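In what follows, a structure is listed as structure tokens, so that the remarks can point back to it.
The values are calculated or read from the model by the stated rules, or taken from the named source; none is laboratory data. The structure displayed is predicted, hence computed values, not measured ones. Neighbour counts are summed over all protein chains in view; Cβ atoms, including those assigned to glycine, are modelled from backbone coordinates with ideal geometry. Side chains included, ligands, DNA and RNA excluded: accessible areas come from the protein's heavy atoms. Shrake-Rupley method; radii C 1.70, N 1.55, O 1.52, S 1.80 Å.
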Amino acid sequence: MERIFILGAGAMAEAFIKGVVSQHLIEPQRIRVLNRQRPERLRALNDLYGVTPAESVREARDADVIVLAVKPYDVKEACQSLTPYLDGQTIISFAAGIPIRFMQEATGGRAQIVRTMPNVPVAVLEGAIALSAAPDVDGDRIDQAKTLLSKLGTVVELEESMMDAATAFSGSGPGFVSFFLEAMELAAVDLGFSAEMARSLLIQTVVGTAKVLEEWGLSPTELRERVTSPNGTTHAGLTILSERNVQQAIADALRQAQLRSVEMGTEYTEPSEA
Ligand SMILES: NC(=O)c1ccc[n+]([C@@H]2O[C@H](COP(=O)([O-])OP(=O)(O)OC[C@H]3O[C@@H](n4cnc5c(N)ncnc54)[C@H](OP(=O)(O)O)[C@@H]3O)[C@@H](O)[C@H]2O)c1
């Protein structure tokens, strides 16, 4: 890959730069970054990672991959600004909820669109990233996008119709897990732990559980069964969670998040001057 052009210089752009630069996928100066109004942010990214601040969207012309890292409501304007400089480049979009079709229309069909849904842990290169490519995207372009994004975490390719589900599951997942952990932490303090001790045991418990699932290749059901002896402490606690139907509440939460993702996609892509 010769050059990457990143439109948008916020949190997601930085996570992407960090992943790609730390893995030496491309020389940092071959990555050009542009935002709208904060040149000091571009200078900071240059200081931190050695990427090149772009002066104009025109520089997208020379890139093979363009990363769209603007907020969903800025996608239309960003695509329109890119259009004169497009000639078949791959656009990797991070914008939550914005359909491929919308970006194809906004760019006049002059780019190959790969839509992704990353989650917050991409910032520490432990993300879960759903990816969906337009039907006209060449296989090697999809592989290239997957290789780039795999530096930020685990990449899963899906049909676009699954992207709202991915937004609800892995996209909102860190928020759902944090909700559960927040309750665990409060309960631990109630049991007598200091706040610091509760936090430290909490984080290690969740990191350790995730590692056991990964390294031992167990399903959550298998691990739960392994740690639950009849009439033991875990059994006593899980009985309360089952009686309160927490499983159903979680299923309902994901469904509601998926519905909201569908709604948001419509809100941001409806014509603004109707
Ligand atoms: N943050 C996450 O964890 C996360 C997770 C999943 C998906 N995403 C998606 O990633 C995208 C970026 O999110 P973020 O959190 O990185 O946003 P952010 O921190 O607000 O950054 C957005 C950037 O876009 C720039 N920008 C906006 N319109 C522009 C335009 N027309 N031309 C050039 N630059 C423009 C802004 O520049 P100025 O500051 O100069 O205005 C800013 O640098 C969003 O679509 C979001 O849905 C983010």
query = So which of R58, R30, R41 ends up being more than 15 Å from the ligand (Cβ to nearest atom), in the same structural domain as P84 (by TED's automatic domain parsing) and at negative phi?
reply = R30
task = Please verify whether segment 238-252 includes one or more residues that are touching a residue at least 40 places away in the same chain (Cβ under 8 Å) and either in a helix (DSSP H, G or I) or touching a strand residue (DSSP E or B) at 6+ places or on another chain (Cβ under 7 Å) (or both).
result = yes
ask   = Before we move on, is V51 in the same structural domain as V155 (by TED's automatic domain parsing), in contact (Cβ under 8 Å) with a residue 12 or more places away in the chain, more than 7 Å from the ligand (Cβ to nearest atom) and touching a Pro at 6+ places or on another chain (Cβ under 7 Å)?
value = yes
The listed residue being surrounded by 13 or more Cβ atoms within 10 Å (Cβ to Cβ), assigned to a helix (DSSP H, G or I) and either outside the structural domain of V21 (by TED's automatic domain parsing) or among the polar types (S, T, N, Q) (or both), out of A123, A145, A188 = A188
message = Please go through segment 17-30 and give me each residue that is out of contact with any Phe, Trp or Tyr (no Cβ under 8 Å at 6 or more places or on another chain) and open to solvent by less than 70 Å² (accessible area, probe 1.4 Å), ordered by number.
response = G19, V20, S22, L25, I26
task = Output the number of the condition that D136 fails; it satisfies all remaining conditions of (1) farther than 18 Å from A13 by Cβ; (2) away from the ligand (no atom under 14 Å from the Cβ); (3) modelled with pLDDT of 95 or more.
result = (3)
note = Within segment 148-185, residues part of a helix (DSSP H, G or I) and open to solvent by 70 Å² or more (accessible area, probe 1.4 Å) come out as S161, M162, F169, F176, V177, F179, F180, E182, M184
ask   = Looking at A69, A96, A78, which one is touching a residue at least 60 places away in the same chain (Cβ under 8 Å), over 18 Å from the mean Cα position of the chain (by Cα) and within 14 Å of the ligand (Cβ to nearest atom)?
value = A78
inquiry  = Looking at segment 234-271 only, could you name the residues that are open to solvent by 50 Å² or more (accessible area, probe 1.4 Å), under 22 Å from the mean Cα position of the chain (by Cα) and β-branched (V, I, T)?
reply    = I250, V262, T266
query = Across segment 68-87, which residue is most open to solvent (accessible area, probe 1.4 Å) among those that are closer than 14 Å to T107 by Cβ and among the aliphatic types (A, V, I, L, M)?
reply = V70
inquiry  = Given the criteria in a helix (DSSP H, G or I), open to solvent by less than 20 Å² (accessible area, probe 1.4 Å) and touching an Asp or Glu at 6+ places or on another chain (Cβ under 9 Å), does A198 qualify?
reply    = yes
key: Check on G108, under 12 Å from the mean Cα position of the chain (by Cα) and either buried (at least 18 other Cβ atoms within 10 Å of the Cβ) or on the phi > 0 side of the Ramachandran plot (or both)   = no
